[in-house]
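Notes for the one structure printed next.
Bear in mind these aren't lab numbers, they're just calculated from the coordinates by the rules spelled out. These numbers were taken from a predicted model, which means no experiment stands behind them. Virtual Cβ from ideal backbone geometry, glycine too; neighbours counted across all protein chains shown.
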Amino acid sequence: DLEDSWDYSNVFSTSRNEGITFADLPGFTRSTYQRDHALITPESRVFASMPGWKNALTAHLISPATGSKFSMYLVDMKASSAAGTPPAGVERFVFVLDGAVKATLSSNKEEKLLHADDYAYFPADSANGLSSDAGAGLLIFERFYALKSGQAAPVNGSTAERPVLPVPGEVFALRKLLPSSNDYDFNIHVMDFRPGEALYVKEVHYNQHGLLLLQGQGIYRLGDSWYPVQAGDAIWMAPYVVQWYGALGSTTSRYILYKDTTEDPL
Ligand code: UGY
Ligand code: MN
């Protein structure tokens with residue numbers, strides 16, 4: 001049957017840049033996996049249950065299957081949920097994106113209630129209490145602790161309370177969430193760029209990164225590719241991938257970044 005009325009108004013409105021959204025285009029995604037980097041955008045996340053976790057789903061965005069020496073995953077903690085214990089020798093860093101979690105750190109045995117922008121670090125093989133009554137959204141980094149003589153202590157805090165550190169030659173505001181001591185084999189950086197600001201160094205280095213863009217939008221260069229990115233996008237950067245970010249849009253760009261440290265690259 002032939003339609004007897006046709007509505008072309010949507011087609012015309014796109015020519016005025018109104019209501020164009022790529023997210024629902026069949027088969028379309030900005031996600032891509034390359035030898036030395038990946039961009040994982042929100043429509044590609046796959047949540048599944050994880051052994052040990054109660055009433056929670058995880059989406060592993062980066063794991064050693066990609067060649068990384070760490071995992072980065074999102075956790076959707078439902079009501080009355082609890083975290084599983086990491087495998088022996090694995091340290092865990094938790095950053096709260098949404099809701100509230102109760103963290104029990106072995107250092108003080110007392111429960112801390114963490115909200116968005118708060119974080120907690122659990123050394124390998126330490127008591128690992130993490131639960132949520134009403135639900136929470138988390139970003140977690142894990143890796144096998146690699147320092148033979150290190151003494152990593154539990155840490156918890158709030159990003160806003162961390163000092164902005166000097167970064168000679170760069171304009172972004174840098175906060176480090178873990179102590180810069182030789183007891184930790186990675187650090188978590190929170191980096192803020194105002195629109196128009198960019199990395200000065202077009203970085204190439206041995207360290208690996210896992211990144212989640214928390215706010216804003218811009219262009220991320222990875223190798224020879226230039227990606228438009230926005231809040232919610234995740235990035236894996238392998239050692240030596242060329243990396244550069246330029247912030248655009250009208251709000252401050254903020255990203256959280258895993259970076260391995262201390263270990264001799266040899
Ligand atoms: O510290 C870093 O390596 C950081 N500036 N890298 C990045 O933002 N891609
Ligand atoms: Mn870097």
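Comparison of Ser81, Ser68 shows that the only residue that is touching a residue at least 40 places away in the same chain (Cβ under 8 Å), surrounded by 20 or more Cβ atoms within 10 Å (Cβ to Cβ) and assigned to a loop (DSSP other than H, G, I, E, B) is Ser68. Only a single criterion out of (1) closer than 25 Å to Tyr73 by Cβ; (2) away from ligand 1 (no atom under 12 Å from the Cβ); (3) surrounded by 15 or more Cβ atoms within 10 Å (Cβ to Cβ) is not satisfied by Tyr220, namely (2). Only a single criterion out of (1) within 17 Å of Arg35 (Cα to Cα); (2) within 13 Å of ligand 1 (Cβ to nearest atom) is not satisfied by Ser225, namely (2).
Residues considered: Asn207, Asn182. Of these, the only one that is within 10 Å of ligand 1 (Cβ to nearest atom), more than 14 Å from Trp244 (Cα to Cα) and not hydrophobic (A, V, I, L, M, F, W, C) is Asn207.
Considering every residue within region 41-49, establish whether at least one is part of a loop (DSSP other than H, G, I, E, B), surrounded by fewer than 12 Cβ atoms within 10 Å (Cβ to Cβ) and out of contact with any Ser or Thr (no Cβ under 8 Å at 6 or more places or on another chain). Yes: region 41-49 contains one or more residues that are part of a loop (DSSP other than H, G, I, E, B), surrounded by fewer than 12 Cβ atoms within 10 Å (Cβ to Cβ) and out of contact with any Ser or Thr (no Cβ under 8 Å at 6 or more places or on another chain). For Gly89, the stated conditions do not hold, so it cannot be described as at positive phi and under 19 Å from the mean Cα position of the chain (by Cα).
Scan region 138-195 for residues that are basic (Lys, Arg) and closer than 28 Å to Asp125 by Cα and jot them down. Within region 138-195, Arg143, Lys148, Arg162, Arg175, Lys176 qualify. Within region 221-231, can one find any residue that is within 16 Å of ligand 2 (Cβ to nearest atom), among the β-branched types (Val, Ile, Thr) and touching a His at 6+ places or on another chain (Cβ under 8 Å)? Within region 221-231, not a single residue is within 16 Å of ligand 2 (Cβ to nearest atom), among the β-branched types (Val, Ile, Thr) and touching a His at 6+ places or on another chain (Cβ under 8 Å).
At least 2 residues being buried (at least 19 other Cβ atoms within 10 Å of the Cβ), of a type in the set (Lys, Arg) and at positive phi is the threshold, and among the strands (runs of 3 or more DSSP E) wholly inside region 124-214 not one reaches it. Residues in region 234-266 that are under 23 Å from Thr29 (Cα atoms), part of a loop (DSSP other than H, G, I, E, B) and in contact with a Pro (Cβ under 9 Å, 6 or more places away or on another chain): Gly249 only. Any residue at all in region 242-255 that's over 16 Å from the mean Cα position of the chain (by Cα), more than 12 Å from ligand 1 (Cβ to nearest atom) and within 16 Å of Thr66 (Cβ to Cβ)? The answer is no, given that none of the residues of region 242-255 is over 16 Å from the mean Cα position of the chain (by Cα), more than 12 Å from ligand 1 (Cβ to nearest atom) and within 16 Å of Thr66 (Cβ to Cβ).
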